[in-house]
Amino acid sequence: MPEKILVVDDDPLMRLMVVKTLSTEGFEFLEAENGVQAVEKAISHQPDLIIMDVNMPELDGYEACQRIRSNPVTAAIPVILVTSLSTVEDKIKGFDSGADDYIPKPFDPKELTVRVNVLLRRIARIKATIKAPEPQLGKVIAFFSLRGGTGTTLMATNTAIALSRLWGMSTVLVDLVLACGQCALMMNIPPRNSWADLARIPNEEIDIDVIRNVLRPHDSGAVVLVAPNHPEEGELIDGPKVTHVLNLLKQEYPYVILDLPHEFCDKTLAGLDAADEIWLLMAPELASVRATLLAMETFQMLNYPLDRVRLMLNWTFERHGLARKAIEKTLKREIDVVIPYASEPLVKSINLGIPAVLDEANPPLVAIFENLAYLLSREDHKKTPPANPTPTYQRVMEYLAEKNSHG
């Protein structure tokens, strides 16, 4: 795209001379006949360079240059002042006003061309060294346990739905239990598309549009990358493909929720490496606590920071479970979240394909998952209340206000 130059002079002949001199360089040109117009057109058209006479009616070049420099919208536009005044004091005044260069009248056409090109190249180099702000990546939350039956799929599905309903944004749920994942079943989603559609596509050919065509939508606003229908299809997915897909998803979605296998395979490690938070689930029984301890030891070997790993105790049976304090003493860590026993409604929701967070007949259970979603939310979302808060957000705020009022 050609650079755009604003030529400012009250003399039409001088404007024409500047345009003719530079026309062979392929520039586009705008014109203004006084300083007031120069400031207005600098703001509205954002030229790449301004060539401006000093002696003009209404607003001279010095003042116009100062106004251009004082406006954040136009402050970085380079300015060349052109004038018949050529004393040292005049040049100093020109540079004090913010001009980048100064050319006396009558100007030499070759000199004007060289100075314009040199200044444009210098500005281009400066722009190239200024890094664009990094885009805000989505938060990746992984649910993991080395022991089955602790509720990782249950937590992943309900969290994904709750986050979508909380912030009114699409959350993506990634089922990485590729041998026999159940996320689609728990959400009553027909698994027409799945990881199997990505299995034979080279990673370099997979972009976000390809992935979008595979994701399955849920009525809540969440979308799901479903596990394959057949275990042998899951074997075609390796760790690098999982890493590639997750990198694309977190650039597109504010939250990426992972349901991980109960083992340290390459797919699990790819998910754990990508996770901003790892929620390690356990039940209040000895085998589960032991599995949690082994998982934590492995995390240490993998050099995962402790603040990335959070502990969740899912009270999967009503009585005779190990005491929370005893579990914490064994793990030498406090448990971050306890999910209370709610066997009947949870089993019902699983069998009917209706996630518990959508069970209007059980408000306390709904509140647990909604408040958990807020706890897991990105800090920038929690710090900035939405302009149009969802009903879920309003309920969570009411709960937090009530909790704070009771100390």
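The values are calculated or read from the model by the stated rules, or taken from the named source; none is laboratory data. Since the model is a prediction, treat every value here as computed from it, not as a measurement. Note: ideal-geometry Cβ built from the backbone for every residue, glycine included; neighbour counts use all protein chains shown.
Give the residue, chosen from Asp197, Asp207, that is assigned by TED's automatic domain parsing to the domain that holds Leu302, in contact with a helix residue (DSSP H, G or I) (Cβ under 9 Å, 6 or more places away or on another chain), of a type in the set (D, E, K, R) and under 27 Å from Gly353 (Cα atoms).
Only one candidate passes the filter, namely Asp197.
When you check Ile92 against the structure, is it assigned by TED's automatic domain parsing to the domain that holds Leu119 and within 42 Å of the chain's Cα centre (by Cα), yes or no?
No; evaluated as a whole, the condition is false for this residue.
Going by the structure shown, is Ala367 surrounded by fewer than 10 Cβ atoms within 10 Å (Cβ to Cβ), without any contact (Cβ under 8 Å) to a residue 40 or more places away in the chain and either within 19 Å of Gly221 (Cβ to Cβ) or assigned by TED's automatic domain parsing to the domain that holds Phe143 (or both)?
Criteria not met by Ala367.
Filter the helices (runs of 4 or more DSSP H) completely within segment 171-224 down to those with at least 1 residues that are surrounded by fewer than 16 Cβ atoms within 10 Å (Cβ to Cβ) and touching a residue at least 24 places away in the same chain (Cβ under 8 Å).
Qualifying helices (runs of 4 or more DSSP H): 208-212.
Listed here are the residues, each with its yes/no results for (1) at pLDDT 90 or above; (2) touching a helix residue (DSSP H, G or I) at 6+ places or on another chain (Cβ under 8 Å); (3) under 22 Å from Val118 (Cα atoms).
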{"residue": "Leu16", "(1), (2), (3)": "yes, no, yes"}
{"residue": "Glu31", "(1), (2), (3)": "yes, yes, yes"}
{"residue": "Ala42", "(1), (2), (3)": "yes, yes, yes"}
{"residue": "Met52", "(1), (2), (3)": "yes, yes, yes"}
{"residue": "Glu58", "(1), (2), (3)": "no, yes, no"}
{"residue": "Asn71", "(1), (2), (3)": "no, yes, no"}
{"residue": "Pro78", "(1), (2), (3)": "yes, yes, yes"}
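Taking the residues in segment 19-42 that are of a type in the set (D, E, K, R) and closer than 21 Å to Thr83 by Cβ as candidates, determine which candidate is surrounded by the fewest Cβ atoms within 10 Å (Cβ to Cβ).
Among them, the one singled out is Lys20.
Can you tell me which of (1) of a type in the set (Lys, Arg); (2) loosely packed, with under 13 Cβ neighbours inside 10 Å; (3) under 47 Å from the mean Cα position of the chain (by Cα) is the one Lys110 doesn't meet?
(3)
In segment 255-295, what residues are touching a strand residue (DSSP E or B) at 6+ places or on another chain (Cβ under 8 Å) and more than 21 Å from Val337 (Cβ to Cβ)?
Thr268, Ala274 - these are the residues of segment 255-295 that are touching a strand residue (DSSP E or B) at 6+ places or on another chain (Cβ under 8 Å) and more than 21 Å from Val337 (Cβ to Cβ).
Can you name every residue in segment 259-293 that is in contact with a Phe, Trp or Tyr (Cβ under 9 Å, 6 or more places away or on another chain), farther than 17 Å from Ile335 by Cβ and not acidic (Asp, Glu)?
Leu260, Pro261, His262, Thr268, Gly271, Leu272, Ala275
Would you confirm whether any residue within segment 298-318 is closer than 20 Å to Leu376 by Cβ, in contact with a Lys or Arg (Cβ under 8 Å, 6 or more places away or on another chain) and modelled with pLDDT of 95 or more?
Taking every residue of segment 298-318 in turn, at least one turns out to be closer than 20 Å to Leu376 by Cβ, in contact with a Lys or Arg (Cβ under 8 Å, 6 or more places away or on another chain) and modelled with pLDDT of 95 or more.
Please work out which one of (1) buried (at least 16 other Cβ atoms within 10 Å of the Cβ); (2) within 25 Å of Glu232 (Cβ to Cβ) is the condition Gly148 fails and give its number.
Evaluating Gly148 over (1) buried (at least 16 other Cβ atoms within 10 Å of the Cβ); (2) within 25 Å of Glu232 (Cβ to Cβ) leaves (1) as the failure.
Tell me, which residue of segment 225-243 that is in a loop (DSSP other than H, G, I, E, B) and crowded, with 23+ Cβ neighbours inside 10 Å is nearest to the chain's Cα centre (by Cα)?
Per the criteria, the residue is Val226.
Restrict the check to segment 166-173 and report whether at least one residue is in contact with a strand residue (DSSP E or B) (Cβ under 9 Å, 6 or more places away or on another chain) and assigned by TED's automatic domain parsing to the domain that holds Thr21.
Checked segment 166-173: no residue is in contact with a strand residue (DSSP E or B) (Cβ under 9 Å, 6 or more places away or on another chain) and assigned by TED's automatic domain parsing to the domain that holds Thr21.
Testing Arg200 on (1) among the charged types (D, E, K, R); (2) over 25 Å from the mean Cα position of the chain (by Cα); (3) under 12 Å from Ala227 (Cβ atoms), one condition comes back false. Which one is that?
Here Arg200 meets the rest and fails (3).
Among the residues of segment 136-170, write down those that are closer than 21 Å to Tyr341 by Cα, among the small types (Gly, Ala, Ser) and in a loop (DSSP other than H, G, I, E, B).
Answer for segment 136-170, where residues must be closer than 21 Å to Tyr341 by Cα, among the small types (Gly, Ala, Ser) and in a loop (DSSP other than H, G, I, E, B): Ser145, Gly148, Gly149, Gly151.
Quick test for you: out of Asp219, Asp259, pick the one residue that is touching a helix residue (DSSP H, G or I) at 6+ places or on another chain (Cβ under 6 Å) and not basic (Lys, Arg).
Sole residue among the options that is touching a helix residue (DSSP H, G or I) at 6+ places or on another chain (Cβ under 6 Å) and not basic (Lys, Arg): Asp259.
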